Each structure stands twice: as C-alpha cells, then as structure tokens.
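Below you'll find the structure, written out as structure tokens, and then a few comments.
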Amino acid sequence: MAENRTDHNAPVLVIGLGRFGAAVAEQLISQGREVLAIERNASLVQKFSGMLTHVVEADATDIDALRQLGAQEFSSAVVGVGTSIESSVLITVNLVDLGLDHVWVKAITPAHGKILSRIGANHVIYPEADAGVRVAHLVGGRMLDFIEFDDGFAIVKMYPPKETQGFTLGESQVRSKYGVTVVGVKSPGEDFTYAQPDTKVTRRDVLIVSGHVDLLERFAARP
C-alpha cells in the first residue's frame, strides 16, 4: 500500500470504533474505500465485522501490534479514540513513528489538540466543538448548512431573504449591499446552477452563499 501514498482511493486505517470513528469508517466504505479498523473492545469488533472491510481486535497503543497489522503501509489514518487522552497520544506517536503521511486525530480539548499537533498529527479534529459552532449558526432558521474555514470565511446553504425573491441577482445587488457572494441557486426538482447576474431567485429556491461569517450572518438575518 505504501506505493499509493498519493492515491485518493487508497485504503484508510481507522483506530477506534466509537461514534466518531465508526461514522468515519462507514462513510469511507460508502465512498468505495477500503478500511482497516482497529478496536480493542471485542463487542465493537463483533458489531462492525460485517459492515467494514476489515476489523481487527488489537491495542493500537502497542507499536509492535500496529506493525504486525501492516499499519506502516497505509498513507492515511484516523484516530477516533477520545475517552483516553493518554491512549490517543500514544497511538498518534506510533503512527507518526511508522511514517504515515496523513494522521487525522480526534481531540477532546484544545490542550489535547495542542499535544497532538506537537507530536506530529497533521490534522486535529474537534467534532463536538465544530458541531456546536455549526448548530449555533443554524438555529436562527434561515441557514440550512454552514461550513467555516480558518480565516473567518464560510459557505452557507440558506433560504433567500424576501428582498431577493422575484428578482435577478443583478437586480437585488446582494454583493454590493451585503458583501457576500451568491455562488449558486438550487430550485426544487432542478439541477444546481452557478449564479449569474440574470439568475432569478424565487421563494422556493435555496442559495449557496460565500463570504465572511459576520457578513453572512447579517445577510441571513434579513427578513
């Protein structure tokens, strides 16, 4: 597997089959990826043995166990262990020492994430915190989805404010008024279309809008 380090379809190593690790593994399988899952809880191994490509009962804090399973041949791994910071750190150190190119690790706290970054994890994930931020943006009601990037830029899926309904994007002048860009429009029963000045918006449409988070919130707050 080592020769496939740049192959986006290469098998993925997933360690820990709690809610996060299991969700990642199942999504990878649905995308047609092969997954080797390592879990030391025998009941979880049994539960997922028929759902994933390979499931092995082993202790990933033991680097020799990882070597025997061929972990060093993978280019990407996801560490979903979150209940024990010590285990999470030990597993991550093992994967870094084995030379994996991409190590994605779930962090419980910022301090945990800082340790993971220091020891070589190049992708630190905060599932609970990220979900909390996302939900906070969605509870207002107009936003249907929200993805924020590190620099305060975000992309949202939202219902159109009334002032855009029945007008083309050129007529409503969203960008000049609110500093955000309507990237696309999805009408019910029709394909997604990239936004043009002559794209007309109806009340039944869904907009894909990009811009700074504060400006998006301002636009989404319009009646």
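Taken together, the values in this text are just the output of simple stated rules run on the coordinates, not laboratory data. Owing to the predicted nature of the structure, the values given are computational and were not obtained by experimental measurement. For neighbour counting, all protein chains shown are included, and Cβ atoms are generated from backbone atoms with ideal geometry for every residue, glycine included.
Structural size metrics of the chain, computed from C-alpha coordinates, are Rg and Dmax of 21.8, 65 Å.
With neighbours defined as other Cβ atoms within 10 Å of a residue's Cβ, the residues Leu90, Leu66, Leu144 order from fewest to most as Leu144, Leu90, Leu66.
Using the scaling law 2.2 N^0.38 Å as the reference, what is the normalised Cα Rg of the range 142-220?
So the Cα radius of gyration is 1.00 times the expected 2.2 N^0.38 Å.
Which value in deg cm²/dmol, rounded to the nearest 500, describes the helix-derived mean residue ellipticity at 222 nm for the chain, given -39,500 (n - 2.57) per DSSP H run of n ≥ 4 and division by the residue count? Don't jump to the answer; show the numbers that get you there.
Details: 9 runs with 76 residues, N = 223.
After summing the helix terms and dividing by residue count, I get -9500 deg cm²/dmol.
Semi-axis lengths, largest first, of the ellipsoid equivalent to the range 2-125 are 20, 17, 14 Å, with √(5λ) applied to each eigenvalue of the Cα gyration tensor. Looking at the chain, how many pairs of lysines come closer than 27 Å at the Cα, when each pair is eight or more places apart or spans two chains? Lysine pair count for the chain: 12.
Listed from fewest to most Cβ neighbours within 10 Å, the set Asp205, Asp101 follows the order Asp101, Asp205.
In the Gaussian network model of the chain, springs joining C-alpha atoms below 10 Å, which of Arg142, Arg203, Arg134 carries the largest mean-square fluctuation? Result: Arg203 has the largest fluctuation of those listed.
For a Förster distance of 41 Å, can you work out the FRET efficiency between the beta-carbons of Ser30 and Arg218, rounded to the nearest 0.05?
Working: r = 37 Å, r/R0 = 0.89.
FRET efficiency, Ser30 to Arg218: 0.65.
Once the Cα atoms are used to define both axes, helix 85-97 deviates from the longest principal axis of the chain by about 80 degrees. Computed on the chain, with alpha-carbon pairs under 8 angstrom and 6+ residues apart, the relative contact order is 13 percent. If one takes the longest principal axis of the Cα atoms in the chain, at what angle in degrees, from 0 to 90 and to the nearest 10, does the Cα axis of helix 19-30 lie? Approximately 80 degrees, to the nearest 10. Normalising the average separation of contacting C-alpha pairs (under 8 angstrom, six or more residues apart) by the number of residues puts the relative contact order of the range 55-164 at 17 percent.
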